[in-house]
Amino acid sequence: MSETGIQSGARPEFDRVIQDIADYVLNPSFCPSAEAMQTARYCWMDTVGCGLYALSFPACTKLLGPIVPGAELPNGSRVPGTSFQLDPVRAAWNIGAMIRWLDYNDTWLAAEWGHPSDNLGAIMALADYQSRNGIMAHTMKDVIIAMIMAHEIQGVIALENAFNRVGLDHVMLVRIASAAVAARMLACNRAETLNAISHAWIDGSSLRTYRHAPNTGSRKSWAAGDATSRGLFLAMIAHRGEMGYPTAITAVDWGFQDVLFSSKELSITQDFGNYVMENILFKISFPAEFHAQTAVEAALQLHAEVKDRLDQIERVVIETQESGDRIINKTGPLHNPADRDHCLQYMVAVPLIYGRLTAEDYEDDVAADPRVDALRQKMTCRENVEFTRNYLEPDKRAIGNAVQVFFKDGSRTERIVVEYPVGHRRRRDEGIPLLRAKFERYLRAGVAGEQADAILEICADQQTFESTSVDRMSSLLAAAP
């Protein structure tokens, strides 16, 4: 009698990766470095500023609020810059969508890239709800420690595992990290935390379809909000006692690795600590896909020289890294803002012509300027292998681009090379004052003057910021009903 197909019902231990994540977030002695805590304060400021900026775009605001009219919650989680009070899961969706809408918050570039501050959707929504309802009195110190942990989980997993290479979107890491830190904030025990994280892996991932031509669209602006809210939901049901799945990653035939990762084994090459927050990349100057940041900076340096000679341009040569060449080297029609902010040629053309690149420059009125597409058609884009090598070098993590303009009369501009964007750790001293100015600009546009003054005073000092209650901060960020 054949025994083929007989399966053991013995319950195994949880996958090592799931256990490591759980033990990291539950570690009572975790003490982030002073650099990580300071950087997390700046990261919180930058992330909230990006969300407030997004409120000036109707394409974003039409999706915010309760999922059906009237489904608000007294003493619910507040959504910055609005009067919405929502259940924590829906609030996390709102906050996460705002943060990511303009492609302007922080980023992490490794084998897999992503935007770890997307996790702030779940963190702020849950912290505000718990604080307002007497469940747990969170301070902003609790918030930024949760941010450090979420950044670390998402970023360390991304170091060696290229989920994009098998067609999966990086927001899966937002869901996993949000589930883990939300379990911590809910005071889940170890078993509940393991269960929550296993559910986050079982969910698989969105396809990257919406990030690439010919399907690039606005879902890429709310996908992370969807992921952070899902992570929070999974933690909440695990806290209620929902069972978990120990080999969610490694189960033969049915686990994440075999089903969605081409049967490859996940590679985690370092312990979880605070490495990612210390090395996070800020998008300080331009709301642009990060592989293009230095190309935009190079183009701005050339603006004065070419702005009056646009009709004399013969060609523009862009050199980029392999990732930039593969992801944002795009020709042909661009159909919407999401299409344009993932087109390297568009992001070079606008600063060459206008001497700027803002979120508004991806809208239809600027895109309709015939000079933009005319200039795009004169561009060639190619990989520079040295840029790729420096991009992959752990001690460098450069994101180099070069731009040079050639004219019909045989003259040419200097070849402008920028290897590190202003948001890189190597340019922190230069970048932080610009980050502060960015935050103040969008804060003052998003909340009332006295509230903005109070928030800026709190954010100016590390100790004051850390000791401020989440309830006070959320009250200051909320718009009057």
### Leading residue by the ranking (surrounded by the fewest Cβ atoms within 10 Å (Cβ to Cβ)) among those in the stretch 124-171 that are within 14 Å of the chain's Cα centre (by Cα) and closer than 17 Å to Thr39 by Cβ
Gly155
### Query
So, of the residues in the stretch 202-225 that are among the β-branched types (Val, Ile, Thr) and in a helix (DSSP H, G or I), which turns out to be nearest to the chain's Cα centre (by Cα)?
Thr209
## Note on the structure
Gln404 fails exactly one of (1) touching a residue at least 40 places away in the same chain (Cβ under 8 Å); (2) polar (S, T, N, Q); (3) in a helix (DSSP H, G or I), namely (3)
### Task
State whether the residues of the stretch 132-149 include one that is out of contact with any strand residue (DSSP E or B) (no Cβ under 9 Å at 6 or more places or on another chain), closer than 30 Å to Arg326 by Cβ, part of a helix (DSSP H, G or I) and of a type outside the set (D, E, K, R).
yes
### Task
Mind listing whichever residues of the stretch 449-469 are without any contact (Cβ under 8 Å) to a residue 24 or more places away in the chain, part of a helix (DSSP H, G or I) and among the acidic types (Asp, Glu)?
Glu450, Asp453, Glu457
### Query
on the phi > 0 side of the Ramachandran plot, within 27 Å of the chain's Cα centre (by Cα) and among the small types (Gly, Ala, Ser): does that describe Gly324?
no
#### Entry: Unmet criterion (only one of (1) outside any helix (DSSP H, G or I); (2) modelled with pLDDT under 95) for His291
(1)
## Note on the structure
In the stretch 301-342, anything under 15 Å from Tyr354 (Cβ atoms), surrounded by 14 or more Cβ atoms within 10 Å (Cβ to Cβ) and free of Cβ contacts under 8 Å to residues at least 40 places away in the same chain is listed as Arg340
### Task
Kindly indicate which of Asp46, Asp15, Asp103 is within 30 Å of Pro246 (Cβ to Cβ) and touching a residue at least 24 places away in the same chain (Cβ under 8 Å).
Asp15
## Note on the structure
Of those in the stretch 81-105 that are small (Gly, Ala, Ser) and closer than 22 Å to Ala448 by Cβ, the residue surrounded by the most Cβ atoms within 10 Å (Cβ to Cβ) is Ala91
### Task
Please work out which residue is farthest from the chain's Cα centre (by Cα), limiting yourself to the stretch 459-475 and to residues that are of a type outside the set (D, E, K, R) and crowded, with 18+ Cβ neighbours inside 10 Å.
Thr468
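Yes/no per residue for (1) among the aromatic types (Phe, Trp, Tyr); (2) within 20 Å of Arg412 (Cα to Cα):
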| residue | (1), (2) |
| --- | --- |
| Phe282 | yes, no |
| Ala288 | no, no |
| Leu310 | no, yes |
| Glu314 | no, yes |
| Gln321 | no, no |
| Asp339 | no, no |
| Leu352 | no, yes |
| Gly355 | no, yes |
### Task
Quick one: Glu393 ticks every box in (1) at pLDDT below 95; (2) touching a helix residue (DSSP H, G or I) at 6+ places or on another chain (Cβ under 9 Å); (3) over 15 Å from Phe290 (Cβ atoms) except a single one, so which number is it?
(2)
### Query
Hey, does the stretch 313-326 have a residue that's part of a loop (DSSP other than H, G, I, E, B) and of a type in the set (A, V, I, L, M, F, W, C)?
no
### Task
Tell me, please, whether a residue that is at negative phi, surrounded by fewer than 20 Cβ atoms within 10 Å (Cβ to Cβ) and not in a loop (DSSP other than H, G, I, E, B) can be found in the stretch 63-80.
no
### Task
Within the stretch 343-367, track down each residue that is among the hydrophobic types (A, V, I, L, M, F, W, C), free of Cβ contacts under 8 Å to residues at least 60 places away in the same chain and closer than 19 Å to Lys307 by Cβ.
Val348, Ala349, Val350, Leu352, Ile353, Val366, Ala367
### Message
Can you tell me how many residues within the stretch 196-222 are closer than 30 Å to Thr247 by Cα and either in contact with a Phe, Trp or Tyr (Cβ under 8 Å, 6 or more places away or on another chain) or among the β-branched types (Val, Ile, Thr) (or both)?
### Response
10
## Note on the structure
From the option list Ile197, Ile280, Ile249, single residue qualifying as crowded, with 24+ Cβ neighbours inside 10 Å, in contact with an Asp or Glu (Cβ under 6 Å, 6 or more places away or on another chain) and on the phi < 0 side of the Ramachandran plot is Ile280
### Message
Give me the residue from the stretch 9-62 that is part of a helix (DSSP H, G or I) and basic (Lys, Arg) and, out of that set, farthest from Arg175 (Cα to Cα).
### Response
Arg41
### Message
Taking the conditions exactly as written (in a loop (DSSP other than H, G, I, E, B), β-branched (Val, Ile, Thr) and in contact (Cβ under 8 Å) with a residue 40 or more places away in the chain), does Thr228 satisfy them or not?
### Response
no
### Message
Among the residues in the stretch 189-201, are any within 16 Å of the chain's Cα centre (by Cα) and either among the basic types (Lys, Arg) or under 14 Å from Ala22 (Cβ atoms) (or both)?
### Response
no
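The values are calculated or read from the model by the stated rules, or taken from the named source; none is laboratory data. Predicted model, so just to flag it, every value in this text is computed and none were measured. In this analysis, Cβ positions are derived from the backbone assuming ideal geometry, glycine residues included, and neighbour counts consider all displayed protein chains.
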